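Read through the structure below, which is laid out as structure tokens, and then see the notes.
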Amino acid sequence: AENTQNLSAKTVNAIAVLPFKNTEPSQDGQLLGIGMADAIITKLSQIKSIVVRQTSSIMRYADSTPEAVRVGREINVDAVLEGNIQKADGRIRVSVRLFRVSDGSLIWAESFDERDANIFELQDSISQKVATSLSLELNPDERDKLKRRYTDNVEAYQLYNKGRYFWNNRNTED
């Protein structure tokens with residue numbers, strides 16, 4: 001894991017989590033990337049001291065590879081989290097980077113490597129590390145909410161992500 005120095009993250013009041021990019025160029029790969037972002041958005045939204053842009057505001061970036069800082073300026077946030085997902089041999093590696101929008105500096109970066117079945121632990125870890133990198137003071141209730149999971153069933157989670165994907169597209173075909 002690679003960490004960068006904490007660059008006075010106290011100035012971050014609003015954050016956006018972009019859909020994660022997946023090396024697997026399929027609908028399932030895209031669903032995983034959107035689902036990962038959505039889960040992290042949901043977890044970070046539990047923290048009162050920061051505003052987190054909702055999934056619907058970042059969906060338009062799911063099919064492209066925009067520059068994170070440019071997106072941050074477009075949707076008026078102080079920081080943007082972006083990530084890449086790689087899957088191989090029953091393992092999943094997620095590399096994430098958190099950028100400050102004002103100057104494009106890297107606040108934090110890290111790679112996470114887990115078994116495919118541990119996707120929930122991966123989301124929990126990323127959410128906690130983002131909160132820590134932003135120097136957010138979490139009360140015990142917020143810490144518990146970051147660890148809370150709504151399911152441990154990976155298949156149910158994948159089906160939920162698929163439903164959210166089609167719901168967010170909101171077109172007749174989907």
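The values are calculated or read from the model by the stated rules, or taken from the named source; none is laboratory data. Note that the coordinates shown come from a computational prediction; the quantities given were computed from them, not determined experimentally. All Cβ positions, glycine included, derive from the backbone under ideal geometry; neighbour counts span all protein chains shown. Please note that ligands, DNA and RNA were not included when accessible areas were found on the heavy atoms of the full protein model with its side chains. Shrake-Rupley method; radii C 1.70, N 1.55, O 1.52, S 1.80 Å.
The number of residues in region 63-95 being closer than 13 Å to residue 17 by Cα, without any contact (Cβ under 8 Å) to a residue 60 or more places away in the chain and open to solvent by less than 10 Å² (accessible area, probe 1.4 Å) comes to 3. Among the residues of region 22-41, write down those that are surrounded by fewer than 19 Cβ atoms within 10 Å (Cβ to Cβ) and more than 18 Å from residue 118 (Cα to Cα). Answer for region 22-41, where residues must be surrounded by fewer than 19 Cβ atoms within 10 Å (Cβ to Cβ) and more than 18 Å from residue 118 (Cα to Cα): 23, 24, 25, 26, 27. For first residues located in region 107-133 and surrounded by fewer than 17 Cβ atoms within 10 Å (Cβ to Cβ), partners that are among the polar types (S, T, N, Q) and part of a strand (DSSP E or B) and lie 6+ apart or on another chain with Cβ distances below 6 Å form the pairs 111/95. Being in contact with a strand residue (DSSP E or B) (Cβ under 6 Å, 6 or more places away or on another chain), modelled with pLDDT of 85 or more, over 17 Å from residue 41 (Cα atoms) and of a type in the set (Gly, Ala, Ser): is that true of residue 111 here? It is true that residue 111 is in contact with a strand residue (DSSP E or B) (Cβ under 6 Å, 6 or more places away or on another chain), modelled with pLDDT of 85 or more, over 17 Å from residue 41 (Cα atoms) and of a type in the set (Gly, Ala, Ser).
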